[in-house]
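Throughout, read-outs are computed from the coordinates displayed, never taken from laboratory work. Keep in mind it's a predicted model, so treat the numbers as computed, not measured. Every residue, glycine as well, gets a Cβ built from its backbone with ideal geometry; the counts of neighbours run over all protein chains shown.
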């Protein structure tokens with residue numbers, strides 16, 4: 001049953017997009033910025049809407065092929081929300097690297113795969129703040145408390161890392177390859 005037949009492409013880009021949707025594949029091969037929201041979130045939202053009446057056990061997964069050095073915390077937060085709330089199972093296959101925000105997106109997926117040579121990075125992240133000193137302090141406090149706790153909660157819920165271990169890991173840049181990522185619970189399986 002093909003629910004995408006009603007979507008008729010008008011351009012080459014739309015044709016490619018339809019092919020990706022029909023094959024249930026999303027390629028994320030760039031930084032996580034606002035410009036990728038349509039590439040990642042829209043297929044998930046569209047397929048969930050088109051298949052809202054299909055029983056959960058009959059839904060076919062949608063796979064994100066991940067190769068990203070990370071990016072915007074705000075965009076990442078939105079995409080994690082879309083992934084986690086999806087009825088359609090979202091799988092992630094890390095092709096080469098899932099660093100920073102890309103690692104958080106990977107962790108949010110329902111099933112996660114990578115090769116033994118895939119690279120992962122967990123760190124505190126970076127932020128650019130504009131404004132006067134008081135505004136900068138307010139923004140920094142917000143990101144440290146509110147946004148930081150969202151990502152910490154995700155790691156504790158979806159990996160093998162405890163709250164105490166996370167505090168130690170956060171003090172440095174934590175890089176690892178597939179086997180260690182499997183041990184930490186960043187992924188579910190080496191492929």
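Points worth noting:
- Extreme residue, farthest from the chain's Cα centre (by Cα), among residues of the stretch 81-101 that are under 22 Å from residue 55 (Cα atoms) and part of a helix (DSSP H, G or I): 85
- Any chance residue 172 is over 19 Å from the mean Cα position of the chain (by Cα) and either under 24 Å from residue 118 (Cα atoms) or surrounded by fewer than 12 Cβ atoms within 10 Å (Cβ to Cβ) (or both): yes
- In a residue-by-residue description of the stretch 113-133, the property of being surrounded by fewer than 16 Cβ atoms within 10 Å (Cβ to Cβ) and assigned to a helix (DSSP H, G or I) applies to at least one position.
- Helices (runs of 4 or more DSSP H) contained in the stretch 134-191 and holding at least 2 residues touching a helix residue (DSSP H, G or I) at 6+ places or on another chain (Cβ under 7 Å): 148-158, 163-169
- Members of the stretch 151-165 found to be surrounded by fewer than 16 Cβ atoms within 10 Å (Cβ to Cβ) and in contact (Cβ under 8 Å) with a residue 12 or more places away in the chain, listed by number: 152, 160
- No other residue among 69, 78, 104 is surrounded by 13 or more Cβ atoms within 10 Å (Cβ to Cβ), within 19 Å of residue 180 (Cβ to Cβ) and within 10 Å of the chain's Cα centre (by Cα) apart from 104.
Quick grid of which residues meet (1) touching a helix residue (DSSP H, G or I) at 6+ places or on another chain (Cβ under 7 Å); (2) in a loop (DSSP other than H, G, I, E, B):
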{"residue": "39", "(1), (2)": "no, no"}
{"residue": "43", "(1), (2)": "yes, no"}
{"residue": "53", "(1), (2)": "no, yes"}
{"residue": "57", "(1), (2)": "no, no"}
{"residue": "63", "(1), (2)": "no, no"}
{"residue": "74", "(1), (2)": "no, no"}
{"residue": "77", "(1), (2)": "yes, no"}
